[in-house]
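**Student:** First the structure, which I've put down as structure tokens, then a few questions once you've had a look.
The values are calculated or read from the model by the stated rules, or taken from the named source; none is laboratory data. Computed from a predicted structure; not experimentally measured. Counting neighbours? That spans all protein chains shown, and the Cβs are built from the backbone with ideal geometry, glycine included.
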Amino acid sequence: MKQRSAVTVLVVEDDANDVLLLKRAFRKAGTEPFPVIHVVNDGESAVRYLGGVGEFGDRRSHPLPDLVLLDLKLPRMSGHEVLAWRSEQLPLIRIPVIVMSSSQEASDIARAYDCGANSYLVKPVELEVLVEIIGALQGYWLRFNETAAVTEPRTFGTRLAT
Amino acid sequence: MRSLDVLDHVPVGVFVLTPEFKVSFWNKVLEDWTGIERGDVVGQDVTGALPHLREGRYAGRLRTIFEGGPPAVFSAQLHKHIVPARRRSGEPRLQHTTVTPLRDEDGRVSALFAIQDVTELTKRSRQYRELAAKVQAVNVELEGFAYSVSHDLRAPLRTMEGFSVALLEDYGEAIGEQGRDYLGRIIDGSRRLDSLIRDLLLYSRLSRQEISITNVPLDAVVREVVDRLRSYLNGELGNVETQTGLPHVVANRLTLVQVLTNLLSNATKFMHPDREPQIRVTAERRDEGWVRVWIEDNGIGIAADHQERIFKVFERLHGDDEFPGTGIGLAIVRVGMERLDGRVGVESVEGEGSRFWIELREGTP
Ligand SMILES: Nc1ncnc2c1ncn2[C@@H]1O[C@H](COP(=O)(O)OP(=O)(O)O)[C@@H](O)[C@H]1O
Ligand SMILES: [Mg+2]
């Protein structure tokens, strides 16, 4: 079981309504731990957040998340593209990414896993079902699942050398 | 070369060329195509009628023929007009030409040209290719359409459903009983639209997606479908009797599961109010390697007039209050069975029950 104090989830979602409903579902599920939720609205911002560049440079205000919830259909850079980028970022790839998409097309699902997604969930229409999904997700991914430490890319390089 | 006269009676242009590049035979078809009479060309140097045959790309290959080499093919793609000739419509004749060595009694080898007119064939195969490309384009478009439906149409639905539920939970007290009833209707409506969209997507996916056909054990599939339905209905499936030792069939497992699920869920849904529901799944061998699977119920039955329509998309015989549904279930069954090269049908007496059947080829265990 995890010994962390603040658990962080990065939500990559362009639909403001979906963001609101997702936050409500986290509240309603009532499962511990209740995470700090950071939201970005497109794939490019997700990459910048995870890479810690630009407006996301300060890790105190924008900590590396313990989990990423990723929509697929996003402006500018799709969820698939974010996954493809992540697959080449050695320490960052350790952060589990759960795809949350409306699409149930087999090709989308297969491609997400091919690009390294850790799980794939279909956004339900019923809020009740969303609450159930988020409850299960909190329990499994934030409570029981063991994550590997993710050090910043630069420090990781130095540590390898010693 | 008198023996060649028989070639006047075949629908192929034929002429013979000697190693000296003189024409020694010219059939009727060629007279017809070119307007050049046999008497005017036989015995003459080919340069008069067909000067290009003296050119490198033909002369070289013809020399091989005159040396008794293997036959040569001048395909219509590269050599359209060995014997320049127009059709009555004025368009050039596209030609497919085979050149074969022809040895006479003295061992001299000539070249026998047999020319097929492939103008029509080429035209038709081009039309076919264009049609195939169009169908392909439509399919790609449909795929994009289904994709966009699944994404873009469902997002606003989540908003409607989600915030109505949130409103009901957070402000239900304040808006009073009628307000709560209205919200309940919005929620029902969104859920209903969601199942419609989901069923339509399933229907369109089933008609587009490539499926692999294998030997499927009917026994296991029926058990799986009944078990899943039972847990989905929280055990309220009623009495389902399934025959044991069902044979293997030639099908795609997932498609067959979908078909049987839809038929069985109908059998449990359209129950008669005055009877204990009784459902039976049985199979029998039919002629010539076909297996027929029966799904029988003792429900409300279907009037003869309606037994065909119900297989079309959105066709229902009842209002949503009486029996909920989308009207797509049996359309999915029909398309599924088409994809499996099988058949489907129904026998029913209104008020007594229905016997739906599907037929598939028997497989090997
Ligand atoms: N087992 C059955 N008994 C009586 N009526 C049936 C049965 N199966 C189908 N039907 C009729 O056919 C219609 C179409 O069925 P279906 O396409 O599965 O749509 P749905 O189940 O959503 O109504 C149903 O609305 C019903 O009227
Ligand atoms: Mg149905």
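**Student:** From the residues in region B:198-211 that are at the interface with chain A (Cβ under 9 Å from one of its Cβ atoms) and under 15 Å from B:Leu157 (Cβ atoms), which one is surrounded by the most Cβ atoms within 10 Å (Cβ to Cβ)?
**Tutor:** B:Leu201
**Student:** With respect to B:Glu130, is the statement that it is within 14 Å of chain A (Cβ to nearest Cβ) and not β-branched (Val, Ile, Thr) true?
**Tutor:** Judged against the criteria, B:Glu130 is not a match.
**Student:** Here is a follow-up. Looking at (1) in a loop (DSSP other than H, G, I, E, B); (2) in contact (Cβ under 8 Å) with a residue 12 or more places away in the chain; (3) farther than 30 Å from B:Leu157 by Cβ, find the lone condition where A:Leu50 falls short.
**Tutor:** (1)
**Student:** Quick check: is even one residue across region B:290-306 in contact with a Pro (Cβ under 8 Å, 6 or more places away or on another chain), more than 8 Å from ligand 1 (Cβ to nearest atom) and not assigned by TED's automatic domain parsing to the domain that holds B:Leu196?
**Tutor:** yes
**Student:** Which numbered condition trips up B:Gly162, out of (1) more than 9 Å from chain A (Cβ to nearest Cβ); (2) surrounded by 18 or more Cβ atoms within 10 Å (Cβ to Cβ)?
**Tutor:** (1)
**Student:** Would you pick out the residues in region A:84-112 that are in contact with a strand residue (DSSP E or B) (Cβ under 9 Å, 6 or more places away or on another chain) and among the charged types (D, E, K, R)?
**Tutor:** Result: A:Arg86, A:Asp108.
Every residue, every condition in (1) surrounded by 18 or more Cβ atoms within 10 Å (Cβ to Cβ); (2) within 14 Å of chain B (Cβ to nearest Cβ), yes or no:
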{"position": "A:Pro33", "(1), (2)": "no, no"}
{"position": "A:Ile37", "(1), (2)": "no, no"}
{"position": "A:Glu44", "(1), (2)": "no, no"}
{"position": "A:Val53", "(1), (2)": "no, no"}
{"position": "A:Asp58", "(1), (2)": "no, no"}
{"position": "A:Asp66", "(1), (2)": "yes, no"}
{"position": "A:Asp71", "(1), (2)": "yes, yes"}
{"position": "A:Leu92", "(1), (2)": "yes, no"}
{"position": "A:Glu105", "(1), (2)": "yes, yes"}
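**Student:** Just the residues that are crowded, with 17+ Cβ neighbours inside 10 Å and small (Gly, Ala, Ser), please, taken from region B:239-265.
**Tutor:** Answer for region B:239-265, where residues must be crowded, with 17+ Cβ neighbours inside 10 Å and small (Gly, Ala, Ser): B:Ala251, B:Ser265.
**Student:** Another question, if that's okay. Does region B:261-282 hold any residues that are under 28 Å from the mean Cα position of the chain (by Cα) and aliphatic (A, V, I, L, M), and which are they?
**Tutor:** Passing the criteria: B:Leu263, B:Leu264.
**Student:** Consider region B:316-361. How many of its residues are more than 8 Å from ligand 1 (Cβ to nearest atom), hydrophobic (A, V, I, L, M, F, W, C) and assigned to a loop (DSSP other than H, G, I, E, B)?
**Tutor:** Adding up the residues that qualify gives 1.
**Student:** Oh, and also: Exactly one of these conditions fails for B:Thr261: (1) more than 8 Å from ligand 1 (Cβ to nearest atom); (2) more than 29 Å from B:Gly189 (Cβ to Cβ). Give me its number.
**Tutor:** Result: B:Thr261 fails condition (2) only.
**Student:** Are there any pairs, at least 6 apart or on different chains, whose C-beta atoms fall under 6 Å, with the first in region A:92-114 and under 11 Å from A:Leu67 (Cα atoms) and the second of a type in the set (S, T, N, Q) and surrounded by fewer than 19 Cβ atoms within 10 Å (Cβ to Cβ), and if so, which?
**Tutor:** From residues that are under 11 Å from A:Leu67 (Cα atoms), the pairs are A:Pro96/A:Asn118; A:Val97/A:Asn118; A:Ile98/A:Ser119.
**Student:** What pairs can you find where one residue is in region B:320-334 and in the same structural domain as B:Gln258 (by TED's automatic domain parsing) and free of Cβ contacts under 8 Å to residues at least 24 places away in the same chain, the other is part of a helix (DSSP H, G or I) and more than 8 Å from ligand 2 (Cβ to nearest atom), and their Cβ atoms are less than 7 Å apart, with a gap of 6+ or different chains?
**Tutor:** That search, which allows pairs on different chains as well, returns B:Arg334/B:Phe311.
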